[in-house]
Amino acid sequence: MTDEPGEKSTLADKSNLPRRRFLKAGIVGISGVLGIAYLGIIGRYLAPPAIGSDPLLPVGKADDFALDSPKLVAYKYGGIEQGVYVINTSDEGWIALDFHCTHLQCAVNWISAIKKFACPCHGGVYDMKGHVLGGPPPRPLYRRVIRIQGNSVMVGGRIG
Amino acid sequence: MGRWLDERLQFSELLRSVFEHPIPKPSNLLDYLGFATLFAFASQTITGILLATAYIPSAAEAYNSIKVLQTAPLGVYVRSLHSWGANFMVVLIFLHLLRVFYEGAYKKPRELTWLMGVILFLATLGLAFTGYLLPWNQEGYWATTVGSAMPGYIPVIGEYILRIMRNGLEVTGATLTRFYAVHMLVLPLIILLAFTPHFFFVLRQGMSVADKLEAAKRRGEDIEAKSIPFYPNVAFRMILLVVVVAVVLWVLAGVYPKSLGSPADPLNRNHYVPTPAWYFFGVYQLLKYFPGRLDVIAMVGLPLLFLIVLFGLPWLDRNPSHSPRKRPVALSIATVLVLGLIFLTYQGIRSVPKPLPTSGVIADPSYKADIDPIFQSRCVGCHGQSGGYSLDTYANVMRKNVIPGHPNASLLVKRIEGKVAPQMPLGLQPLSKDQIQTIKNWIKAGAKNN
Ligand code: FES
């Protein structure tokens, strides 16, 4: 900001220069601190929950899952039913795959006739364990935490 | 009243600068597009506030609250107005931007007006994007899922941005409330903050079309014969344009009420294939041309370039001339871009599954009228990228899977009938019996390009 022109200001400039500078710095400094404080609050408040922090929730009975055949289950959290494929594999044990295609997150479908996951959006194809076989997806389907407690299948948040 | 205010605020001079501005004859309707956009925004504000009185921003209630609203005819109409109004605002602000570009009105001394305008344009797109999720219907839910996945491709910070937008990894109830706050408060505030200076600059500097007249006036020429006063002549024409826009909006909203569709199903039991709102089809289609790892270019690179060019235009374009005829380079680039965008949008819309006639076999089908639409809507989405089995053009269809005259020997038919696994379309609803028969009839008749 420029000072008012004229005699008065020249006079004032001479006598009050350090004081004025102090006041100006004060204005800038105080508004800066206030702004940063609010930005900090905004940033912390809007920060998303950590990856994998979703709770373990039951999604079905272990008996209902045939060996090596993925089944879509609903993980009810966050006000929605999240799609998860649960698979009781013969070699790796239980795995849970997030059903969002890793390309642009359309929902993939398990096609039992060819034993592959296919994405209807741009033709991504994955094998039973979620590895990419073709199409644009840049990485395998995401896995989610899975635990078997008694006969109950529990699924949790995303891994990685 | 006017004098009373002026005594206190001294703004008559400011107003005089625009109200007594001479505008060259004939005054062009296209120069009023900004004003028409302002009208669309006003309409959005009014209908938006009305909708807010009925809408409940929660995953459990949002859809039903709109459904309840839609039981009253006026509720249907107001929502339809808001939805159509969004389209109007996007189109009008885009046309306004093009007109300003064509006139060279972003150049000195109006760089800041342009800058504010770019912010307004982006905020409008933001409003359109966030508003799409709010009804919590299947369309909006999945369009938002795919749309908000794109920033995930930004190197390093992409995933964090995605999670901040959604408040988590998935589009959940928490995303809905976040979008609601952004749609209702943040973006309107940004628009207000950008619009105030935008409008003030226009008041201060006048419309750019009048610059030449002003210069002539300063030289002492008599401009009376070449000009009409802004007020009331041009202002009246502006109001007329607004009336035309308003009537078209009201009629469209009444004749084609916006349907609500089915409620969001994040589990996607019906194998719905997402599509964006039509004005984002350009990006959607662009993705198909950047296969594999290159899609980062379409999702991050091009949008970034677009932003840089938009914001930097007044400084990137050093040509001082305002006259379209003296700016061949700028105008040709812009023409190519706009044509490209129109083409992409058109292609994108064409490739979306349309509700095709599912009943009724066509005895003598034509490729263009009957067969291609089935392929475009049911096959090209996936096959567009996977080379060998493309069905997007006649030549590709005929490459190897169709044997003219022999439908049952053609692999295409075997696949859609499921005689050869996997049945196509993969993991989706099979084609209807009638559609399959129509395709067979076409192959039987020689699979001609008719
Ligand atoms: S979203 Fe699955 S392939 Fe693009």
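Consider A:Gly52 carefully, then state whether it is part of a loop (DSSP other than H, G, I, E, B) and either modelled with pLDDT under 95 or under 30 Å from B:Ile154 (Cβ atoms) (or both). Lay out the reasoning, then the answer.
Values: part of a loop (DSSP other than H, G, I, E, B): yes; either modelled with pLDDT under 95 or under 30 Å from B:Ile154 (Cβ atoms) (or both): yes.
Yes.
I want to confirm something. Restricting to segment A:67-120 and keeping residues that are closer than 15 Å to A:Gly156 by Cβ and among the charged types (D, E, K, R), which single residue is farthest from the other protein chains (Cβ to nearest Cβ)?
The selected residue is A:Lys76.
Can you tell me how many residues within segment B:134-175 are within 12 Å of another protein chain (Cβ to nearest Cβ) and part of a helix (DSSP H, G or I)? Give the steps one after another, and end with the answer.
First pass over segment B:134-175, keeping only residues within 12 Å of another protein chain (Cβ to nearest Cβ): B:136, B:138, B:141-153, B:158-175.
Next cut, part of a helix (DSSP H, G or I) only: B:138, B:141-153, B:158-166, B:173-175.
Of the residues in segment B:134-175, 26 are within 12 Å of another protein chain (Cβ to nearest Cβ) and part of a helix (DSSP H, G or I).
Taking the stated definitions as given, is B:Leu95 in the same structural domain as B:Glu214 (by TED's automatic domain parsing), buried (at least 19 other Cβ atoms within 10 Å of the Cβ), hydrophobic (A, V, I, L, M, F, W, C) and part of a helix (DSSP H, G or I)? Reasoning before the result, please.
Details: in the same structural domain as B:Glu214 (by TED's automatic domain parsing): yes; buried (at least 19 other Cβ atoms within 10 Å of the Cβ): no; hydrophobic (A, V, I, L, M, F, W, C): yes; part of a helix (DSSP H, G or I): yes.
So B:Leu95 fails the test.
Could you list, in sequence order, all residues of segment A:76-127 that are away from the ligand (no atom under 16 Å from the Cβ) and of a type in the set (A, V, I, L, M, F, W, C)? Outline the logic, then answer.
So in segment A:76-127, the residues away from the ligand (no atom under 16 Å from the Cβ) come out as A:76-82, A:84, A:86-96, A:112-115.
Matches in segment A:76-127: A:Ile80, A:Val84, A:Val86, A:Ile87, A:Trp94, A:Ile95, A:Ala96, A:Ala113, A:Ile114.
Consider A:Gly43 carefully, then state whether it is more than 8 Å from chain B (Cβ to nearest Cβ), surrounded by fewer than 14 Cβ atoms within 10 Å (Cβ to Cβ), in contact (Cβ under 8 Å) with a residue 60 or more places away in the chain and under 19 Å from B:Met165 (Cα atoms). I'd like the intermediate steps shown before the answer.
Details: more than 8 Å from chain B (Cβ to nearest Cβ): yes; surrounded by fewer than 14 Cβ atoms within 10 Å (Cβ to Cβ): yes; in contact (Cβ under 8 Å) with a residue 60 or more places away in the chain: no; under 19 Å from B:Met165 (Cα atoms): yes.
No; evaluated as a whole, the condition is false for this residue.
Need a quick list: helices (runs of 4 or more DSSP H) entirely within segment B:1-88 having at least 1 residues that are modelled with pLDDT of 95 or more.
Numbers: elements: B:2-9, B:12-19, B:33-52, B:62-69.
Output list reads B:33-52, B:62-69.
Run B:Gly206 past the list (1) crowded, with 16+ Cβ neighbours inside 10 Å; (2) more than 30 Å from B:Leu133 (Cα to Cα); (3) at pLDDT 95 or above; (4) of a type outside the set (S, T, N, Q) and report the number of the one that doesn't hold.
(3)
Here are the criteria: (1) out of contact with any helix residue (DSSP H, G or I) (no Cβ under 6 Å at 6 or more places or on another chain); (2) within 26 Å of B:Phe41 (Cα to Cα); (3) surrounded by 14 or more Cβ atoms within 10 Å (Cβ to Cβ). Tell me which single one B:Ala194 does not satisfy.
Only one criterion in (1) out of contact with any helix residue (DSSP H, G or I) (no Cβ under 6 Å at 6 or more places or on another chain); (2) within 26 Å of B:Phe41 (Cα to Cα); (3) surrounded by 14 or more Cβ atoms within 10 Å (Cβ to Cβ) is unmet by B:Ala194, namely (1).
Please find, within segment B:289-306, the residue that is farthest from the chain's Cα centre (by Cα) out of those that are in contact (Cβ under 8 Å) with a residue 40 or more places away in the chain and over 24 Å from B:Leu133 (Cα atoms). Before the answer, list the steps.
Going through segment B:289-306, the residues in contact (Cβ under 8 Å) with a residue 40 or more places away in the chain turn out to be B:291, B:295-296, B:299-300.
Still in the running and over 24 Å from B:Leu133 (Cα atoms): B:291, B:295-296.
Working: B:Pro291: 24, B:Asp295: 21, B:Val296: 21 Å.
It comes out as B:Pro291.
Picking from A:Gly124, A:Gly135, which residue would you name as being within 10 Å of chain B (Cβ to nearest Cβ), in contact with a His (Cβ under 8 Å, 6 or more places away or on another chain) and more than 19 Å from B:Glu170 (Cβ to Cβ)?
On the way: A:Gly124 fails: more than 19 Å from B:Glu170 (Cβ to Cβ).
Step by step, each of A:Gly124, A:Gly135 is checked, and only A:Gly135 is within 10 Å of chain B (Cβ to nearest Cβ), in contact with a His (Cβ under 8 Å, 6 or more places away or on another chain) and more than 19 Å from B:Glu170 (Cβ to Cβ).
Of all residues in segment B:394-430, count the ones that are of a type in the set (A, V, I, L, M, F, W, C) and away from chain A (no Cβ under 14 Å). Please lay out each step first, then the result.
So the first thing to find is which residues in segment B:394-430 are of a type in the set (A, V, I, L, M, F, W, C), and the list is B:395, B:397-398, B:402-403, B:409, B:411-413, B:416, B:420-421, B:424, B:426, B:428.
Going one step further and asking which of them are away from chain A (no Cβ under 14 Å), we end up with B:395, B:397-398, B:402-403, B:409, B:411-413.
Total satisfying the criteria: 9.
The values are calculated or read from the model by the stated rules, or taken from the named source; none is laboratory data. Predicted model only: the values in this text are computed from it and were never measured. Neighbour counts run over all protein chains shown; Cβ positions are idealised from the backbone, glycine included.
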